[in-house]
1. Does any residue in region 245-265 that is more than 26 Å from residue 133 (Cβ to Cβ) come within less than 8 Å, Cβ to Cβ, of a residue that is open to solvent by 70 Å² or more (accessible area, probe 1.4 Å) and at pLDDT 95 or above six or more places away or on a different chain, and which pairs are these?
2. Tell me which residues, restricted to region 272-290, are open to solvent by less than 60 Å² (accessible area, probe 1.4 Å), in contact (Cβ under 8 Å) with a residue 60 or more places away in the chain and not aromatic (Phe, Trp, Tyr).
3. Starting from region 347-371, keep only residues that are under 24 Å from residue 290 (Cα atoms), then list their pairs with residues that are open to solvent by 90 Å² or more (accessible area, probe 1.4 Å) and at pLDDT below 90 whose Cβ atoms are within a distance under 9 Å, requiring at least 6 positions of separation or different chains.
4. Across region 89-114, which residue is surrounded by the most Cβ atoms within 10 Å (Cβ to Cβ) among those that are touching a helix residue (DSSP H, G or I) at 6+ places or on another chain (Cβ under 8 Å) and without any contact (Cβ under 8 Å) to a residue 12 or more places away in the chain?
5. Taking residue 311 and the conditions (1) open to solvent by 30 Å² or more (accessible area, probe 1.4 Å); (2) assigned to a strand (DSSP E or B); (3) among the aliphatic types (A, V, I, L, M), which numbered condition does it fall short on, given that it satisfies the others?
6. I'd like to know if region 36-47 contains one or more residues that are at pLDDT below 85 and among the aromatic types (Phe, Trp, Tyr).
7. Mind telling me which of the residues 195, 232 ends up being in contact with a Ser or Thr (Cβ under 6 Å, 6 or more places away or on another chain) and open to solvent by 30 Å² or more (accessible area, probe 1.4 Å)?
8. If we scan region 261-281, do we find a residue that is farther than 18 Å from residue 161 by Cα, touching a Cys at 6+ places or on another chain (Cβ under 9 Å) and part of a loop (DSSP other than H, G, I, E, B)?
Amino acid sequence: MISFKSLPWLNPQHHHCFNLFAVRSYVCPSACHSPKKKVVFLGSPKVAANILDQLFIASQTESSLFEIAAIVTQPPAAKGRGQKLLPSPVAELALEKNFPESKIFWPQKAGEESFLQKLADLGPDLCITAAYGNILPKRFLKIPKQGTVNIHPSLLPLYRGAAPVQRAIQDGVDETGVTVAFTVRAMDAGPIITSKAFDVDNHIKAPELLEFLFDEGVRLLLRELPSILDGSAAQNAQEQDHTKATHAPKVTADEAWLDFGKPAVVLHNKVRAFAEWPGTKAKFELLNESQEVTQDLVLKIITTKPHNDLVIENSRENHGPVVRQQKSSLFVSCGCESTLEIVELQPPGKRVMKAKDFVNGLQGKELRVAC
């Protein structure tokens, strides 16, 4: 029974026109609200943490339809010189925001029985993935009521796979984009909810483009979230044209080496594509005045510019790539009569530096590409 003393703002001494209908009209709006939908987020790296942050912000607005019910991420990994176990950027953000640790799941594989049982007990309405890094089994995909959606940084069906941004830049595309699609067992092959295309600057590197596409992707996701949660998005999603699918396999460390026999633009695109990992590198030799090799160098190539209208003349009996040292840059002859300008590089054991600073430190010694 409700007493007037327990609700001082309804005391008849202060409200002469009090009636029971006033109580009902006040209480009903909050009591009649539908419960928020349970969303589980799956992601691991920093770009995924940025998406989670935007989802946290959106979930806390008064009109939000959803709440973050759980977070799934990769287990802590050994990092740094001390190989200390550190949480993923997604887990780190969740902990910073005081998200319950009991609702942060770290399965080695998404098919683990204990993990699937916890997820089923939670009863999510929707799962959202972004750079999670684990294959989702069929049993997982059956759990969320409205399915699982993924933010994929390409214009599907192009560049399905683990490295869509790196492979797109490596191919020198002038357009790419981001897609929000339902997840099915086949990799990145689910029906498309929405997508958006963007021009690609020919000097942008993979980390910057990846961050940009995921930022745009979470905007698309939040725009479409009401229709995803009410089920209408599943009815309107467009099947992909699988005959047009291309693939973006995972980048390997062995791909880091540059071959100056290839055109400069190919090498420039590779430098941009592999900027974060594994980077790009090339072998050089340091020569004294007598043209004797005094040191072998492996230089990491950080920033470049391709030149198709610049040819370096070979003044020595050297049939390999030619290196020209100038005050501002290093120029290396490449295939198809092109030249790669090295703007920034990193010598062994040193910081990233401008090529002009590296040239000044050579003190007159000559550099050539190692055979």
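1. none
2. Passing the criteria: 272, 273, 275, 282, 285, 286, 287, 288.
3. These pairs meet every condition: 356/327; 359/327; 360/327; 364/289; 365/289; 366/289; 368/316.
4. Checking each candidate, the answer is 95.
5. (2)
6. The first filter runs over region 36-47 and keeps only residues at pLDDT below 85, leaving none.
No, the conditions are met nowhere in region 36-47.
7. Details: 232 fails: in contact with a Ser or Thr (Cβ under 6 Å, 6 or more places away or on another chain).
Of the residues listed, the single one that is in contact with a Ser or Thr (Cβ under 6 Å, 6 or more places away or on another chain) and open to solvent by 30 Å² or more (accessible area, probe 1.4 Å) is 195.
8. Yes, some residue in region 261-281 is farther than 18 Å from residue 161 by Cα, touching a Cys at 6+ places or on another chain (Cβ under 9 Å) and part of a loop (DSSP other than H, G, I, E, B).
The values are calculated or read from the model by the stated rules, or taken from the named source; none is laboratory data. Quantities reported herein were computed from a predicted structural model and do not represent experimental measurements. Here Cβ is always computed from backbone atoms with ideal geometry, including for glycine, and neighbour counts include all displayed protein chains. We work out accessible area using only protein heavy atoms, side chains counted, and drop any ligands, DNA or RNA first. Shrake-Rupley method; radii C 1.70, N 1.55, O 1.52, S 1.80 Å.
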